[in-house]
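Peer 1: Can you read through this structure? Questions will come right after.
Any read-out appearing in this document is the output of simple, stated calculations on the displayed coordinates, not a laboratory observation. Only a predicted model underlies this, so the values are computations on that prediction, with no experimental measurement involved. Here Cβ is always computed from backbone atoms with ideal geometry, including for glycine, and neighbour counts include all displayed protein chains.
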Amino acid sequence: MAGTVIGEGLSVDGELTSDEEIVVHGTVRGTLSATDVVSVGTEGTVEANIQAAALSVAGRVTGNVTATERIDIQAGGRLIGDVKAARLTIADGASFKGNVDMDA
Amino acid sequence: MADESVIGATTRIRGNVTGSGSLRVEGTVEGDVQVEGDVVLTEAGRVRGSISGATLHIAGQVAGDLHATDSISVEAGARVVGDIIAARIGIVEGALVRGLVQTDGEPSAAPRPAAKASRSTPAAAARPAPVVRERPSAAASPAARTPVTAPPASRRAQSLPARTQASPATKAEAEVKAKPSEASEPKAPARSRKPPAPVVPAVKRGAPAKKKRRAT
C-alpha cells in the first residue's frame, strides 16, 4: 500500500517531500522529492523536477528526473526532461525527450 | 479509489492542495487545503493554512480556518487555532479550539437532548423560563436579543474557547444554550429579594401618643 496517494482530482502546487512511497494520479506542480519509489499513474501529471529512489512513469512528466536506483518509462508514458539514473528502461510506445546520464 | 487521496505521515507539502475527491492528511501541509470532498486530519497531521471541504474530521493540529459546507467535527486531542465555520459543528471534550466558532441557520432537532442535559444542571434547573426564552432568540437574528444577554453570536462565541476546556458540555450549540441561563442568574437574587421592611419609628409601651405642635 502506497504511503502517499495523490488522487485523480487532486492538485498539489508546491514542494512535496516524503520518505515513503508516492503514487501520483493527479497533478503535482513544483518539486517532488522522495527517498522511496515514485510512480506516476496513467492520469498523473507532474510538472516538476523529481528526485527519487526509483521512478516509474506511466503518465506525463515534465521536468528533470534523478533517481538513485532506476527509472522506468512505461508504454503510454511521456517524459520531457533530463534523466539521471543508474538504470533506465524506456518501453516501446513510451515518449521521451531529453538527455540521459547513466554515469552513476 | 482514485478519489481518496492520502498524504502520508512522512510527507510534507509546502504549497496548496486543491481538487476533487476526499483527502486524508497524516503528514504536514504548509498551505491551504481546498477539496470538494471530505477531509480527515489524523492525530499526526498538521496543517498550517485553511482547510475547506464538505465534511471535516479534525484530530490533528490546524493553524488556520476551517470551512465546511456540511459539518465539522473536532476530535479530542485536536488543536485548532482559527475560525470554524460550518452548518453543523461538533467539538469533543478535550479538543483545543481558539477562534470564532460559527454555525449558520436554525438549530436542528439533534441538539435538543443536549439542551435537556443543560436543564438538569443546578444553574438551569431553577429557571427553565429564561432558557426557553433565550433559545428562540438565539435562533433568530442576533440583533433582536434583549440587552441583558446582548452579546452577538460572534462575541459570545469568542468566549467559547475558555469554556470548551472547562465545561462538560459536548456540543458547541449546547454551550451556546447553557450560557444564557448563566447570564440570567444575576437576575434571580433580585427576583427573590423581598421589598425592604418599612421603617417604623419606635414607640415605647404605654407612652401617650405625642401630639404634634402646630405653629400658631
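Peer 1: Quickly run through the stretch A:1-34 and pick out the residues that are of a type in the set (A, V, I, L, M, F, W, C) and in contact with a Lys or Arg (Cβ under 8 Å, 6 or more places away or on another chain). Give the steps one after another, and end with the answer.
Peer 2: So the first thing to find is which residues in the stretch A:1-34 are of a type in the set (A, V, I, L, M, F, W, C), and the list is A:1-2, A:5-6, A:10, A:12, A:16, A:22-24, A:28, A:32, A:34.
A:Val12, A:Leu16, listed by residue number.
Peer 1: Mind telling me which of the residues A:Glu20, A:Glu69 ends up being in a loop (DSSP other than H, G, I, E, B) and either of a type in the set (Asp, Glu) or more than 8 Å from chain B (Cβ to nearest Cβ) (or both)? Show your work before the answer.
Peer 2: Numbers: A:Glu69 fails: in a loop (DSSP other than H, G, I, E, B).
Step by step, each of A:Glu20, A:Glu69 is checked, and only A:Glu20 is in a loop (DSSP other than H, G, I, E, B) and either of a type in the set (Asp, Glu) or more than 8 Å from chain B (Cβ to nearest Cβ) (or both).
Peer 1: Would you confirm, using the coordinates I've provided, whether B:Thr10 is in a loop (DSSP other than H, G, I, E, B) and among the β-branched types (Val, Ile, Thr)? Give the derivation first.
Peer 2: Working: in a loop (DSSP other than H, G, I, E, B): yes; among the β-branched types (Val, Ile, Thr): yes.
So B:Thr10 fits the description; yes.
Peer 1: Another question, if that's okay. Among the residues of the stretch B:41-60, write down those that are in a strand (DSSP E or B), surrounded by fewer than 22 Cβ atoms within 10 Å (Cβ to Cβ) and over 20 Å from the mean Cα position of the chain (by Cα).
Peer 2: The first filter runs over the stretch B:41-60 and keeps only residues in a strand (DSSP E or B), leaving B:41, B:46-47, B:51-58.
Among the residues that remain, those that are also surrounded by fewer than 22 Cβ atoms within 10 Å (Cβ to Cβ) are: B:46, B:52, B:54-55, B:57.
Once the filter is applied, which keeps residues that are in a strand (DSSP E or B), surrounded by fewer than 22 Cβ atoms within 10 Å (Cβ to Cβ) and over 20 Å from the mean Cα position of the chain (by Cα), the stretch B:41-60 yields B:Arg46, B:Ser52, B:Ala54.
Peer 1: Scan the stretch A:36-65 and report the pairs whose first residue is closer than 14 Å to A:Ile80 by Cβ and whose second residue is of a type in the set (Ser, Thr, Tyr) and outside any strand (DSSP E or B), with Cβ atoms within less than 6 Å and a gap of 6+ or a chain change.
Peer 2: Within 6 Å, the pairs are A:Gly59/A:Thr42.
Peer 1: Another question, then. For the stretch A:24-45, give me each residue that is at the interface with chain B (Cβ under 9 Å from one of its Cβ atoms), in a strand (DSSP E or B) and out of contact with any Leu (no Cβ under 9 Å at 6 or more places or on another chain).
Peer 2: Correct list: A:Arg29 only.
Peer 1: Still on this structure, I have one more. How many of the residues in the stretch B:1-51 are acidic (Asp, Glu) and facing chain A (nearest Cβ under 7 Å)? Working first, answer last.
Peer 2: If we filter the stretch B:1-51 for residues that are acidic (Asp, Glu), which is where we start, we get B:3-4, B:26, B:30, B:32, B:36, B:38, B:43.
Filter once more, so that each one left must be facing chain A (nearest Cβ under 7 Å): B:3-4.
The qualifying residues number 2.
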